[in-house]
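Enquirer: Have a look at this one.
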Amino acid sequence: EAGARVVIEECMTGPEVTCLCFADGEHLVPMLPSQDHKRAFDGDRGPNTGGMGAFAPSPKFTPELRKLCMDTIFMPTMRAMSAEGRPFKGCLYFGLMLTPDGPKVVEYNSRFGDPETQPILSLLRTDLLDVMRACTDGTLDKINVEWESGAACCIVMASGGYPVEYKKGYEIHGLGSVPSDVFVYHAGTRKDGDKYLTDGGRVLGVTAAADTLQAAIDRAYSAVKLISFTDAHYRTDIGKE
Ligand code: GLY
């Protein structure tokens, strides 16, 4: 019912990039650009999902594009909200299409992105709490938000059948064998005694950082192969393109 009426506004083509920004109501600091992989299957096929994997930084979002977006999208958005008496403080999500006519906004969210946040914050060198405080205090211009060099990648392990129909309650094996420098974020899991069970569509976000994007991808996939549960599904081409 909710989708019974559709308004077609414009067809946009091009790569999609997520740029999360810290905002304090007046100043705005873009985080590292990231690329999500929204379709369920390899090759960007299948139904749209919440995101099957992401990496950061995106080489497609060049420093020139960053400046262009700051001047024509990010800061105008911030100023417009302030002008309406609703200054925005927190994390502002810009979903961008890099079209042949330049970057355009696909969506805004007033939250972090999932799974983009996993690789992005893996590379944040500055203490996140200090940045959050600067957001609430209106002092983002006084803090130097620093990032690690290199790259990070998150592979989403999902329940087979997601995002349409899937079963829950399968035991997750192998979590204890994942190396300590790989982070396994629990999204749709439940603890039952000392076991972890699947409890959602997107189950785990397996995230690794490394000196290069390829090394981060390889490290994340090596960890994914150590984890198993019935009907587990993940894309094998995150970051490949
Ligand atoms: N990964 C898309 C979103 O967080 O909305």
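Enquirer: What does the net charge come to around residue 42 if you take all other residues with beta carbon closer than 12 Å to its beta carbon, with K and R at +1 and D and E at -1?
Expert: Spelling it out: positives minus negatives among the neighbours equals +1.
Enquirer: Given R₀ = 22 Å, what would the calculated FRET efficiency be for residue 64 paired with residue 9, taking r from the Cβ atoms and rounding to 0.05?
Expert: The calculated FRET efficiency here is 0.25.
Enquirer: Give me the percent of the accessible area of the chain that comes from carbon and sulfur atoms, probe 1.4 Å, all protein chains in place.
Expert: 50 percent
Enquirer: Would you please name the trypsin sites (Lys or Arg not before Pro) within the stretch 72-139 that are DSSP coil residues with at most 14 other C-beta atoms within 10 Å of their C-beta?
Expert: Filter output for the stretch 72-139: 111, 125.
Enquirer: How long are the three semi-axes of the equivalent ellipsoid for the stretch 1-92, computed from the Cα gyration tensor as the root of 5 times each eigenvalue, in whole Å, largest first?
Expert: 27, 20, 13
Enquirer: A further question on this structure: May I ask you to evaluate 6.51 cos²θ - 1.76 cosθ + 1.60, the Karplus curve with θ = phi - 60°, for each residue of the stretch 15-32 and list the ³J(HN,Hα) values in order in whole Hz, giving x for glycine and proline?
Expert: So the Karplus estimates, Gly and Pro as x, are x, 9, 10, 9, 10, 7, 10, 6, 9, 10, x, 10, 9, 9, 10, x, 7, 4 Hz.
Enquirer: Between residue 212 and residue 72, what is the spin-label point distance in nm, taking each point 7 Å from the Cα along the Cα→C-beta axis?
Expert: 3.4 nm
Enquirer: Over all alpha-carbon pairs in the stretch 86-241, figure out the percentage whose distance exceeds 23 Å.
Expert: Beyond 23 Å sits 49 percent of the P(r) for the stretch 86-241.
Enquirer: Here's something else I'd like to know. What does the accessible area of residue 27 come to, in Å² to the nearest 10, when a probe of 1.4 Å is used?
Expert: 50 Å²
Enquirer: Rounded to the nearest 0.05, what FRET efficiency is calculated for residue 241 and residue 104 with R0 set to 22 Å and r the Cβ-Cβ distance?
Expert: So the FRET efficiency works out to roughly 0.65.
Enquirer: Provide, for the chain, the number of lysine pairs with alpha carbons under 18 Å apart, each pair being eight or more places apart or on different chains.
Expert: The result is 12.
Enquirer: In addition: In Å, what Kirkwood hydrodynamic radius results for the stretch 170-223 from the alpha-carbon pair distances?
Expert: It is 11.9 Å.
Enquirer: Using amide H atoms built 1.01 Å from N in the peptide plane, name the residues 5+ places from residue 160, or on other chains, whose amide H lies under 5 Å from its own.
Expert: Under 5 Å from the amide H of residue 160 lie the amide H atoms of 232, 233, each far enough along the sequence or on another chain.
Enquirer: So if I take the centroid of the Cα atoms in the stretch 113-136 and the same for the stretch 37-55, what is the distance between those two points in Å?
Expert: If you average the Cα positions of each part, the centres end up 24 Å apart.
Enquirer: Enter the accessible area per residue of the chain (Å², integer; probe 1.4 Å; all protein chains in place).
Expert: Using a 1.4 Å probe on heavy atoms only, each residue of the chain averages 52 Å².
Enquirer: Could I ask something else about it? Using a simple charge model, +1 on the beta-carbon of Lys and Arg, -1 on the beta-carbon of Asp and Glu, nothing else, what dipole does the chain show about its Cα centre, in debye to the nearest 20?
Expert: With only Lys, Arg, Asp and Glu charged at Cβ, the dipole is about 320 debye.
The values are calculated or read from the model by the stated rules, or taken from the named source; none is laboratory data. Since the model is a prediction, treat every value here as computed from it, not as a measurement. With ideal geometry, Cβ positions are generated from the backbone for all residues, glycine too; neighbour counts draw on all protein chains shown. With ligands, DNA and RNA removed, areas are computed over all heavy atoms of the protein, side chains included. Shrake-Rupley method; radii C 1.70, N 1.55, O 1.52, S 1.80 Å.
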